[in-house]
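The values are calculated or read from the model by the stated rules, or taken from the named source; none is laboratory data. Fair warning: this is a prediction, and the values are worked out from it, not measured in the lab. We place every Cβ from the backbone using ideal geometry, glycine too, and count neighbours over all the protein chains shown. For the accessible areas, the whole protein counts, side chains as well, though only heavy atoms, and no ligand, DNA or RNA atoms are used. Shrake-Rupley method; radii C 1.70, N 1.55, O 1.52, S 1.80 Å.
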Amino acid sequence: FKEGETVHLDKGACGNGGSTSFSEIITEGKINILVSPHRGFVIDKEEKYKVQKLTGTTKEGVELKFIYGDSKDRRLQESTCVFIVADSFRKYENTIKGLVSKGLIGKVFIDESDSFITESSHRKRLINFVEYARDVLGDSIPILTSTASPLLYQKVDIKINNTQYNQVLNTITTNDEVQAIKDIKELLKNPKNKVIVGTNNKKVIYALRDK
């Protein structure tokens, strides 16, 4: 998070855990906001938080709220972090602007940023959402967008690489079944190779039946 900047993160190599880690960040005297395009995601986090509260396994000092269409939570205040669906973020625009003016908003995390693009064709409230959020939050609030599957021309400022696992992926597409069988058998001679074959060709399947 950089003050006043919008940073775009590709977390593909590390998978899940970003939203949980963010929710445990305590910005003294301020509310952090996690925006998701998916109502189900926010509800799932809410259910897990309820279990944590009942079992006493929440991180000390962390107070979460969850806001979506028919949620019980209606106020952002009295929390360290708010999970909010993008549609509700728009509905709470004036409330959020008021909190920003009072210096009560800390960091903003826009999760699954690729979905804001791919689903905007049938969800108008997702169109240009990152730019809209910046307008609502003003110039000083740090925004981080995150995706595990960035689109081809989607901006990425930071990419997480897994230094413990270096995967080399080669894709071969062919209609030559004879050559395909030879190539696959040759690749399979090396036990370190992991080979995935996608075909409905009976000859190829039969030729590889014992492999």
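In region 78-92, what count of residues is obtained for those that are open to solvent by 50 Å² or more (accessible area, probe 1.4 Å) and modelled with pLDDT of 95 or more? Explain how you work it out, then say what you get.
Initially, region 78-92 is screened for residues open to solvent by 50 Å² or more (accessible area, probe 1.4 Å), giving 78, 90-91.
The next check asks that each one be modelled with pLDDT of 95 or more; those that pass are 90-91.
Selection size over region 78-92: 2.
Report, by residue number, each residue of region 66-84 that is of a type in the set (A, V, I, L, M, F, W, C) and assigned to a loop (DSSP other than H, G, I, E, B). Break it down into steps so the answer makes sense when it comes.
Of all residues in region 66-84, those of a type in the set (A, V, I, L, M, F, W, C) come to 66-67, 76, 81-84.
Answer for region 66-84, where residues must be of a type in the set (A, V, I, L, M, F, W, C) and assigned to a loop (DSSP other than H, G, I, E, B): just LEU76.
Just for region 170-186: of the residues that are touching a Lys or Arg at 6+ places or on another chain (Cβ under 9 Å) and hydrophobic (A, V, I, L, M, F, W, C), which one is surrounded by the fewest Cβ atoms within 10 Å (Cβ to Cβ)?
VAL178
State which residue pairs qualify: first residue aliphatic (A, V, I, L, M) and inside region 147-160, second residue open to solvent by 60 Å² or more (accessible area, probe 1.4 Å) and not in a strand (DSSP E or B) in any location, beta carbons under 7 Å apart, and separation of 6 or more residues or different chains.
The qualifying pairs are LEU151/ILE117; ILE160/CYS14.
What number of residues within region 199-211 are open to solvent by less than 80 Å² (accessible area, probe 1.4 Å) and not in a helix (DSSP H, G or I)?
Of the residues in region 199-211, the ones open to solvent by less than 80 Å² (accessible area, probe 1.4 Å) are 199, 201, 204, 207-208.
Next, only the ones that are not in a helix (DSSP H, G or I) stay: 199, 201, 208.
Of the residues in that region, 3 qualify.
Take region 95-114 and flag every residue that is of a type in the set (D, E, K, R) and open to solvent by less than 70 Å² (accessible area, probe 1.4 Å). Please lay out each step first, then the result.
Initial filter on region 95-114 (of a type in the set (D, E, K, R)): 97, 102, 107, 111-112, 114.
Answer for region 95-114, where residues must be of a type in the set (D, E, K, R) and open to solvent by less than 70 Å² (accessible area, probe 1.4 Å): LYS107, ASP111, GLU112, ASP114.
Where residues in region 47-65 are β-branched (Val, Ile, Thr) and either touching a residue at least 12 places away in the same chain (Cβ under 8 Å) or in a loop (DSSP other than H, G, I, E, B) (or both), which of them is surrounded by the fewest Cβ atoms within 10 Å (Cβ to Cβ)? I'd like the intermediate steps shown before the answer.
From region 47-65, those β-branched (Val, Ile, Thr) are 51, 55, 57-58, 62; that's our starting set.
Checking which are either touching a residue at least 12 places away in the same chain (Cβ under 8 Å) or in a loop (DSSP other than H, G, I, E, B) (or both) leaves us with 57-58, 62.
Numbers: THR57: 8, THR58: 16, VAL62: 15.
Among residues in region 47-65 that are β-branched (Val, Ile, Thr) and either touching a residue at least 12 places away in the same chain (Cβ under 8 Å) or in a loop (DSSP other than H, G, I, E, B) (or both), the one surrounded by the fewest Cβ atoms within 10 Å (Cβ to Cβ) is THR57.
Determine which member of the set LEU99, LEU144 is over 24 Å from LYS11 (Cβ atoms), of a type outside the set (Lys, Arg), in contact (Cβ under 8 Å) with a residue 12 or more places away in the chain and touching a strand residue (DSSP E or B) at 6+ places or on another chain (Cβ under 6 Å). Give the steps one after another, and end with the answer.
Details: LEU144 fails: over 24 Å from LYS11 (Cβ atoms).
Matching residue, one of LEU99, LEU144: LEU99.
Considering only residues that are open to solvent by less than 10 Å² (accessible area, probe 1.4 Å) and of a type in the set (A, V, I, L, M), which ones fall in region 115-135?
LEU126, ALA133
Could you run through region 1-46 and say how many residues are in a strand (DSSP E or B) and either more than 19 Å from ILE158 (Cα to Cα) or at pLDDT 90 or above (or both)? Give the steps one after another, and end with the answer.
Taking region 1-46 as the starting set, the residues that turn out to be in a strand (DSSP E or B) are 6-10, 31-36.
Next, from what is left, pick out any that are either more than 19 Å from ILE158 (Cα to Cα) or at pLDDT 90 or above (or both): 6-8, 31-36.
Going through region 1-46 one residue at a time, the tally reaches 9.
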